[in-house]
Amino acid sequence: MLKGIVPILRMFDENKAKEFYLDYLDFQLDWEHRFEPDMPLYMQISRDTIIIHLSEHHGDCTPGAALRVETDDVQALHQQLHLSKYTYARPGVEETPWHSREMTVTDPFGNRIIFAQTITE
């Protein structure tokens, strides 16, 4: 039985990744793993029910992925991100022809996260 999906996103800089995902997007760090101190980092982050793995390992994935994360209130999330005063992003919210309200943020490694709220009429 299938139970869920955990995307793996490529990262190149641990500090930039933590600044973006933990400080800006308000995810929490669940765990980190390195085979040895000078080896690439692999870590898990989460927020609410969303789990993401971030990897410095070159064979795990390619930068430039896109994730779509469903949310109940994209405007509230937008407000929270705006208040954080993150230097490298100022996303907007758009209403789409497919009846959703969406906000896209791009991490320092070229991965996009699309936060989407279905608009009911």
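Here are some notes:
- Just one of the listed residues (Q44, Q80) is of a type in the set (S, T, N, Q) and free of Cβ contacts under 8 Å to residues at least 40 places away in the same chain, namely Q44.
- Scanning the stretch 80-103 for residues that are within 13 Å of Q117 (Cβ to Cβ) and surrounded by 13 or more Cβ atoms within 10 Å (Cβ to Cβ) yields V93, S100, R101, E102, M103.
- Checking each residue in the stretch 35-57 for being on the phi < 0 side of the Ramachandran plot and in a loop (DSSP other than H, G, I, E, B) picks out F35, E36, P37, D38, M39, P40, L41, T49, E56, H57.
- Residue under evaluation G110, criteria (1) surrounded by fewer than 12 Cβ atoms within 10 Å (Cβ to Cβ); (2) under 15 Å from F12 (Cβ atoms); (3) small (G, A, S), criterion not met: (1)
- Subset of the stretch 5-23 [assigned to a loop (DSSP other than H, G, I, E, B) and free of Cβ contacts under 8 Å to residues at least 24 places away in the same chain]: I5
- Entry remark, the stretch 58-79: residues being surrounded by 13 or more Cβ atoms within 10 Å (Cβ to Cβ), at pLDDT 95 or above and not aliphatic (A, V, I, L, M) number 3 in total.
- Picking from residues in the stretch 80-109 that are small (G, A, S) and in a loop (DSSP other than H, G, I, E, B), the one that is modelled with the highest pLDDT is G92.
- Checked against (1) of a type in the set (A, V, I, L, M); (2) exposed (fewer than 12 other Cβ atoms within 10 Å of the Cβ); (3) at pLDDT 95 or above, L41 meets all criteria but (2).
- Residue in the stretch 1-12 that is of a type in the set (D, E, K, R), modelled with pLDDT of 95 or more, touching a Pro at 6+ places or on another chain (Cβ under 8 Å) and closer than 13 Å to D107 by Cβ present: yes
- In the set (1) loosely packed, with under 15 Cβ neighbours inside 10 Å; (2) touching a Leu at 6+ places or on another chain (Cβ under 9 Å); (3) among the charged types (D, E, K, R); (4) outside any loop (DSSP other than H, G, I, E, B), D26 fails one condition alone, (4).
The values are calculated or read from the model by the stated rules, or taken from the named source; none is laboratory data. Predicted model, so just to flag it, every value in this text is computed and none were measured. Here Cβ is always computed from backbone atoms with ideal geometry, including for glycine, and neighbour counts include all displayed protein chains.
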